[in-house]
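Participant: Right, I'll just put the structure down here and ask away after.
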Amino acid sequence: MASYKVVMTKDAETDLEDINNYIADHDSIDNVDYVLDELLKVTNTLANFPMKGCIPKELQSLGIREYRQIFLNLIVSFITQ
């Protein structure tokens, strides 16, 4: 089975930082590590399964088909008063 290199765009890296900061501010450091690990784990599956996920509709409408998006379902609960 061929293996591919997964490259994260600068925007994706910035998004990860924003997600980490949000979780750190509103939850716990343990959850920051957990969510980051899960996101990287699912992202790295693209190395062996490059067609996994879907082409974002906004890119597909422009004829751009080189990018994939994968959704990670995490249960997130916030209790506010």
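The values are calculated or read from the model by the stated rules, or taken from the named source; none is laboratory data. Remember, it's a predicted structure, so these values are computed and weren't measured experimentally. Positions of Cβ are backbone-derived with ideal geometry, glycine not excepted, and every protein chain shown enters the neighbour counts.
Participant: State all residues of the range 27-43 that are in a helix (DSSP H, G or I), out of contact with any Leu (no Cβ under 8 Å at 6 or more places or on another chain) and surrounded by 11 or more Cβ atoms within 10 Å (Cβ to Cβ); if no residue qualifies, say none. It would help to see each step written out before you state the result.
Facilitator: Filtering the range 27-43 for residues in a helix (DSSP H, G or I) gives 29-43.
The next check asks that each one be out of contact with any Leu (no Cβ under 8 Å at 6 or more places or on another chain); those that pass are 29-34, 37, 40-41, 43.
Hits for the range 27-43 are 31, 32, 33, 34, 40, 43.
Participant: If you don't mind, another one. Within the range 1-18, restricting attention to residues that are modelled with pLDDT under 90 and of a type in the set (Val, Ile, Thr), which residue is surrounded by the fewest Cβ atoms within 10 Å (Cβ to Cβ)?
Facilitator: 7
Participant: Same structure again: Right, residue 59: modelled with pLDDT of 90 or more and surrounded by 11 or more Cβ atoms within 10 Å (Cβ to Cβ) or not?
Facilitator: Values: modelled with pLDDT of 90 or more: yes; surrounded by 11 or more Cβ atoms within 10 Å (Cβ to Cβ): yes.
Answer is yes for this residue.
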